[in-house]
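Peer 1: This structure is in structure tokens; I'll ask about it shortly.
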């Protein structure tokens, strides 16, 4: 007998196998995308701590504000862009807490899957301000304390 095509059973078997593979792979791709967004937030907070916070602190000391950055209402002179994961297009540093961390800006939950807060503790004459990333469960992802 000379077969030129697949039987219906063979086609159904292939479709079932492809469905199982898709059911396993799609959640992994979604999880990987969310981890990439969180990594972007971690990198942004690292940039705030590594460069932007120090520039603001230095400007504050030079302006006679003793390292207090709460008078700076915009990040734009010090950094080109805010990540799309954050809810807003700028950061108002007047929310920076004196002696304790206060929330500056919150992430978009529909992008990251969880809510993440970027918090700030204000600087003083001896210490630059410090920023950290905290998830909605209270886990600190970036911190020096």
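Please treat every number below as a calculation from the coordinates, not as lab data. Here the structure is a predicted model, which is why all the values come from computation and not from measurement. Please note: Cβ atoms are built from the backbone with ideal geometry, for glycine as well, and neighbour counts cover all protein chains shown.
Peer 1: Okay, helix-only estimate at 222 nm for the chain: each DSSP H run of n ≥ 4 adds -39500 (n - 2.57), divide by all residues, round to 500 deg cm²/dmol; what do you get?
Peer 2: -12500 deg cm²/dmol
Peer 1: Rounding to the nearest 10 and keeping the result within 0 to 90°, find how far the Cα-based axis of helix 53-62 lies from the longest principal axis of the chain.
Peer 2: That helix lies at roughly 10 degrees to the long axis.
Peer 1: Next up: Among (i) 1.46; (ii) 2.15; (iii) 1.63, find the value of Cα Rg over 2.2 N^0.38 Å that was calculated from the structure presented, and write down its label.
Peer 2: (iii)
Peer 1: How big is the antiparallel share of DSSP beta bridges in the stretch 8-142, given as a percent to the nearest 5?
Peer 2: Of those bridges, close to 95 percent are antiparallel.
Peer 1: If you don't mind, another one. Determine, from the Cβ-Cβ distance of residue 95 and residue 21 and an R0 of 41 Å, the FRET efficiency 1/(1 + (r/R0)^6), rounded to the nearest 0.05.
Peer 2: Approximately 0.30, to the nearest 0.05.
Peer 1: Taking the number of other C-beta atoms within 10 Å as the exposure measure, put 28, 65 in order starting with the fewest.
Peer 2: 28, 65
Peer 1: Enter the angle in degrees (range 0 to 90, nearest 10) between the Cα long axis of helix 8-47 and the first principal axis of the Cα atoms of the chain, meaning the one along which they spread out most.
Peer 2: On a 0 to 90 degree scale, this one is about 10.
Peer 1: Springs between alpha-carbon atoms under 10 Å, Gaussian network over the chain: tell me which of 81, 94, 70 tops the mean-square fluctuations.
Peer 2: In the Gaussian network model the winner is 81.
Peer 1: Within a 10 angstrom radius of the beta carbon, how do 12, 82 rank from fewest other beta carbons to most?
Peer 2: Listed from fewest to most nearby Cβ atoms, that is 12, 82.
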